[in-house]
Amino acid sequence: MPLQTARQEHLTRPVTPIGSLERGIDILLALSAAPRPVSLAQLSRSTGLPKSTAHRILGVLCARELARRVGTGYLPGRQLETMAGIARNRIPGSRRVVLPYLLCLQETTRQTVNLAVPAGLEARYVERLYGHDRVRSRSDGTDLAPLHCTATGKALLAFDSGLREEVLGQGGFERLTSRTITGVATLERELAQVRRYGVAYAQEEYTEGVSCVAAPVFGPGGGVCMSVGVAAPGPSAPLARLGLTVRGAAQAISAALVVA
């Protein structure tokens, strides 16, 4: 392109006011600091922006995948997390401690092993080791899944009272298969069983033909920080045996995190 033409194009190109950039950065900082989805009203209060302005900027950020809508709130988007290398809510430095146990679990079960952390009202898979009998899931490609119908999600919900209150407060859940739990009371009963036995199950609730078992991982402070799960072909998955193996792995990881 000739230099003169390039200069003319630059002069005629609309310039974004620096104020808009600063407001967008303020919103992203507010989102990044929040462990749960942030509502428009909360963002307006924390940034001092009018709701209409915050809503307009959020629309642009969501379109560019720098923010995303989760329920009635907002979180950092996939593009921003990819750029920053973010694994939200994961204990810093835990990968070197956790990964050997995940590898052992994968070798023992020969199935797909997942490590999940809470990401707003979803579970984010921060490690995935695929087994010889790999099963296809709705979460392939996004590494995100609902909490109410996945074993890793239920393990997180059962032991995080704040997250559980927020999720159950929705009053009902999306049906993804014929087995998906959609009622609050039914999910509450199941989460009570998870707390009692330390193992969560999801039998073809999220993806047809896929059954999962998971257990909570507790951090040095005693709170649940992650969950480890195994996904296997639904009809033939030996869930009871897998449950014992997964719970043992989660307990070992929890103990290792305390002394790491």
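The values are calculated or read from the model by the stated rules, or taken from the named source; none is laboratory data. No experiment lies behind these values; they were computed from the predicted model shown. Every residue, glycine as well, gets a Cβ built from its backbone with ideal geometry; the counts of neighbours run over all protein chains shown. SASA here: full protein model, heavy atoms, side chains in, ligands and nucleic acids out. Shrake-Rupley method; radii C 1.70, N 1.55, O 1.52, S 1.80 Å.
Counting Lys and Arg as +1 and Asp and Glu as -1 over every other residue whose Cβ lies under 14 Å from the Cβ of residue 170, the net charge comes to -2. Building the convex hull from the alpha-carbon atoms of the stretch 124-251 and averaging its projection over directions returns 7.6 nm².
Of all the options 104, 225, 212, the one that moves most in a Gaussian network model of the chain with Cα springs shorter than 10 angstrom is 104.
Work out which helices of the chain, taken as complete DSSP H runs, extend at least 27 Å along their axis over the Cα atoms and score a mean Kyte-Doolittle of 1.6 or more, then list them. None clear 27 Å together with a mean of 1.6.
Between the C-alpha center of the stretch 30-73 and that of the stretch 173-219 there is a gap of 30 Å. Based on protein heavy atoms only, the chain ends up with 51 Å² per residue of surface accessible to a 1.4 Å probe.
Please find, in a Gaussian network model of the chain (springs between Cα atoms separated by less than 10 Å), the residue of 196, 78, 136 whose mean-square fluctuation is greatest. Ranking 196, 78, 136 by mean-square fluctuation puts 196 first.
Note on the chain: with charges restricted to the Cβ of Lys and Arg (+1) and Asp and Glu (-1), its dipole about the Cα centre is near 220 debye.
How much of the accessible area of the stretch 21-64, probe 1.4 Å, is carbon plus sulfur, in whole percent?
Of the solvent-accessible surface of the stretch 21-64, carbon and sulfur hold 58 percent.
Highest mobility in the GNM of the chain, judged by mean-square fluctuation with C-alpha springs under 10 Å and restricted to 46, 94, 139, is found for 46.
The simple spin-label model puts a point 7 Å past each Cα toward its Cβ; for residue 129 and residue 240 those points are separated by 2.6 nm. Charging the Cβ of each Asp and Glu at -1 and of each Lys and Arg at +1, and nothing else, the dipole of the stretch 112-156 about its Cα centre rounds to 80 debye.
Of 74, 201, the residue with the largest accessible area leads and the full order is 201, 74 (1.4 Å probe). Note on residue 195/residue 53: beta-carbon distance plugged into 1/(1 + (r/R0)^6) with R0 of 41 Å gives a FRET efficiency of 0.40.
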